[in-house]
Amino acid sequence: MSAPASRDPRTRVTGAAILDNAQSPTRLLVAQRAYPEQLRGLWEFPGGKQDPGEGAQEALVRECSEELGVTVRVLEEVPAPDPEGWPLKGTAVMRVFTAVVTDDRAPLAGEDHLQLRWVDLADPDPILDLDWIPADLPIVGALLKQLGVGNPATVRHGH
């Protein structure tokens, strides 16, 4: 007997590339993972898994509220090579959106992150020099290209 058509075999994850300004961003918020142990200390886009029946943007707003204590407004999707999103481990896929904080609270690192850091978008090197989760690194390159930061040919792969 096959699974019902409504059951999605993929794990859907949504990530936020939080910018300091929607019109002319100068900084990007990055988050350092606290767990699991194999990812501890690596950098990522804040976000998390979509709940069943929840849209990607809806999940992103919820996750930013839960993880960072802020309300965000979703801007644009970072174009992925596949309409389903960026490939992660196993059958997981991640869609990443640029976003801005809409309330006057500062994002806080909760239990999911060791720290949060605003990085300057004027030069791509400090962003690329962070020890990113390997699956996020191509997304970083696509985001920088989308924002017109640096030369996309300089994006490094791997650590």
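Okay, here's what the table says:
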| quantity | calculated |
| --- | --- |
| Filtered residue count, the range 88-109, keeping only those that are open to solvent by 60 Å² or more (accessible area, probe 1.4 Å) and over 18 Å from residue 145 (Cβ atoms) | 8 |
| Residues of the range 44-74 classified as over 21 Å from residue 88 (Cβ atoms), out of contact with any helix residue (DSSP H, G or I) (no Cβ under 8 Å at 6 or more places or on another chain) and among the polar types (S, T, N, Q), total | 1 |
| Scan of the range 12-48 for residues that are among the aliphatic types (A, V, I, L, M), in contact with a His (Cβ under 8 Å, 6 or more places away or on another chain) and assigned to a loop (DSSP other than H, G, I, E, B), ordered by number | 34 |
| Of the criteria (1) buried (at least 19 other Cβ atoms within 10 Å of the Cβ); (2) more than 15 Å from residue 14 (Cα to Cα); (3) in contact (Cβ under 8 Å) with a residue 40 or more places away in the chain; (4) among the aliphatic types (A, V, I, L, M), which one residue 119 fails | (1) |
| The range 67-126, residues that are basic (Lys, Arg) and under 16 Å from residue 137 (Cα atoms) | 89, 95 |
| Count - residues of the range 24-54 that are open to solvent by less than 50 Å² (accessible area, probe 1.4 Å), free of Cβ contacts under 8 Å to residues at least 60 places away in the same chain and more than 23 Å from residue 146 (Cα to Cα) | 3 |
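The values are calculated or read from the model by the stated rules, or taken from the named source; none is laboratory data. Note that the structure is a prediction, hence the values are computed from the model and not measured. Neighbour counts run over all protein chains shown; Cβ positions are idealised from the backbone, glycine included. Quick note on the areas: whole protein, heavy atoms, side chains included, nothing else; ligands and nucleic acids left out. Shrake-Rupley method; radii C 1.70, N 1.55, O 1.52, S 1.80 Å.
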